[in-house]
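Only the coordinates and a few stated rules stand behind these numbers; no lab work does. Only a predicted model underlies this, so the values are computations on that prediction, with no experimental measurement involved. All Cβ positions, glycine included, derive from the backbone under ideal geometry; neighbour counts span all protein chains shown.
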Amino acid sequence: MHRILTKLKLYWPLTKSLQTGLLLSTGLAGYMSARCPVFNMGTILGLAVSLFLAIAGSTIINMWYDRDIDAKMKRTCNRPLASGQVTPNEALRLGLILSVLGVGMAIAMSPLYGLVVFAGLFFDVIVYTIWLKRRTAWAILWGGISGGMPILAGRALGLGQIDGIGILLALAVLFWIPTHILTFAMRYFDDYAAAGIPTFLAVYGFPVTRATIAVSSVVAALSIGAAGILIGMEWGFVRLLAVLSAGLFLLAIASVLRPTERVNFGLFKYASLYMLAAMILLSV
Amino acid sequence: MKISILDRILLLLTSLLAAWQIAIGVDKLSTLPMIAYTVAFGVLLVAGLLLIILGFEALDSPIVVIVSTVIPLSLSLGLVWEHLAAYRTVYLVFVIVGFLAILITRLLPLRDKLPVLVLAVVHGIAGLTIFLLPIVWAFTGRAAPGFALVGVGGALIGIGGILLTLLKAGKPLLSRATILKVLPGLLLLMTAAFVTGFAFAR
């Protein structure tokens, strides 16, 4: 028992629990946007478990592939894989098992849902991490597309088909991703440079990156707002979403006009909080 | 001064109360008061979240003076629009001109006392409106007695505003540490008074 607990303690950081949790919340929100109030607790539990397994599995495979980069970066050099606490083979096996279990469970629940979950995993691991991340600054686009898959998958499970609102919701996450990733890349610019990653920031510079963040924040907020209205969200919640979006927009503008480390990291944290709040509002 | 866990909890409760008011509390009002209250509680909500994220250093920004003007101006506009129909247009003009005056005097590098004077006049009128109107209405029977709580909220926002303005002007009534210690609690009490006062009014 003690050995299992020790292993779990080592494995948990491999899943990037906060990031996985946030993506999981988008999947649940996607489902509930089509099926609220939720009466079938079995389905929602299956959705939560399958998405968690697939997202955690792909995250672990990414971490396995990027272990050489992680070892070069101050922020990540203490991760279990980079520091040698977990062997590469062990991590790869774990990642593959979780991914297969997650996708398999998703396909068993609904082939369409399983296909979207698999697409998310494929775009994230194969296209983003293995193929493009070390080659082009535009890899972030594919990271964004894979990030939009959980919410699309959740809605596809709820509806039994892919609709325009689902695509709008996936677009919202896609455009939210630059705010999340690029503000983070700014904070750890030296780390990424040391690892030799062609980040958007390294290729296009700080002013263009800040402007990109501001524009993508506006598009993300507009997409979520439009999806909320089309879903038939209560007007009170639309008002609340508009207020939270205004906060995101103003912070993005502040980061362009008066760029400081504090504003930049504030935007990063606010963007995460914003996405979580938006998902809760879409679900109720 | 570092923000404590208790401060964060109090600010989170403030933000949640403001969010509730925006989502549910202003339903069924006519368009302008709904927008005015949404803006006021929206500023409170976002300010609460930013203080949680950025800490009290966020208050050092010069934008704070401008943004904090929005709360009393929009709240008082909503109150006047709902309860003093005869003064709607006059007050709307005052709110627009007052806000622009504060904006201009804060953005231009003026070295005389004009910015402070403008701030005092605009804040003073808006603050007195929020403080007096609900209390007078409650005590004269034109609104439910509980509506007076909005006036209590007005008094609290006035206290907070004076403390912060004098602190930023370099003539603090209390030390910066003391003001920052009471600020989260004051914001929560103020928001709670507004929310319950508006709920009693309906």
Cut-off 10 angstrom, C-alpha nodes, Gaussian network model of chain A. Which of A:Trp138, A:Trp235, A:Trp64 fluctuates the most? A:Trp235
Cβ-based exposure ranking for A:Phe123, B:Phe56, B:Phe194, B:Phe139, in which fewest neighbours within 10 Å come first: B:Phe139, B:Phe56, A:Phe123, B:Phe194
Put one equal scatterer on each alpha carbon of the range A:74-116, apply the Debye formula with no solvent term, and list log10 I(q)/I(0) at q = 0.17, 0.28, 0.29 1/Å to two decimals. -0.59, -0.86, -0.89
Viscosity 1.002 mPa s, temperature 20 °C, Stokes-Einstein D of chain A from Kirkwood C-alpha radius, µm²/s: 111 µm²/s
Using a basic spin-label model with each label point 7 Å from the Cα along Cα→Cβ, how many nm lie between B:Val93 and A:Gln85? 6.9 nm
Could you compute the FRET efficiency for A:Asp68 and A:Leu230, with r as their C-beta to C-beta distance and R0 at 51 Å, rounded to 0.05? 0.70
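Stretch A:Ile167-A:Val284 to full length: gain in nm at 0.36 nm per residue minus the Cα-Cα span?
Values: separation 117, 0.36 × 117 = 42.12 nm, distance 1.98 nm.
Gain on stretching A:Ile167 to A:Val284: 40.1 nm.
Express the relative contact order of chain B as a whole percentage, based on alpha carbon pairs under 8 Å and six or more residues apart in sequence.
Details: 237 pairs, mean separation 48.1, N = 202.
For chain B, the relative contact order is 24 percent.
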In nm, the gap between the two label points placed 7 Å beyond Cα toward Cβ at A:Val256 and A:Phe122 is 3.6 nm
Convex hull over the Cα atoms of the protein assembly as shown, averaged projected area in nm²? 25.7 nm²
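Report the FRET efficiency, 1/(1 + (r/R0)^6), for B:Leu100 and B:Val64, where r is their Cβ-Cβ distance and R0 is 22 Å, rounded to 0.05. Don't skip to the end; give the middle numbers.
Details: r = 18 Å, r/R0 = 0.82.
Calculated value: 0.75.
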When chain B is treated as a GNM, springs tying every alpha-carbon pair under 10 Å, which of B:Lys181, B:Lys113, B:Lys168 comes out with the largest mean-square fluctuation? B:Lys113
Say we join alpha carbon atoms closer than 10 Å with springs in a Gaussian network model of chain B; which of B:Pro33, B:Pro184, B:Pro62 then has the biggest fluctuation? B:Pro62
Please give me the summed charge of the neighbours of A:Ser17: other residues whose Cβ is under 14 Å from its Cβ, Lys and Arg +1, Asp and Glu -1. +3
I need the Debye-formula profile for chain B: one equal scatterer per C-alpha, no solvent, reported as log10 I(q)/I(0) at q = 0.18, 0.19 1/Å, two decimals. -1.32, -1.44
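Using helices alone, I'd like the mean residue ellipticity at 222 nm for the protein assembly as shown: each DSSP H run of four-plus residues gives -39500 (n - 2.57), total over residue count, nearest 500.
On the way: 19 runs with 378 residues, N = 486.
Result for the protein assembly as shown, helices only: -27000 deg cm²/dmol.
B:Asp112 to B:Ala177: FRET efficiency via 1/(1 + (r/R0)^6), r the Cβ-Cβ distance, R0 30 Å, to the nearest 0.05? Provide the component values of the computation, followed by the final result.
Details: r = 31 Å, r/R0 = 1.03.
That pair, B:Asp112 with B:Ala177, gives E of 0.45.
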Under a no-solvent Debye model with one identical scatterer per Cα of the range B:98-170, what's log10 I(q)/I(0) at q = 0.14, 0.16, 0.26, 0.28 Å⁻¹? -0.53, -0.64, -1.10, -1.18
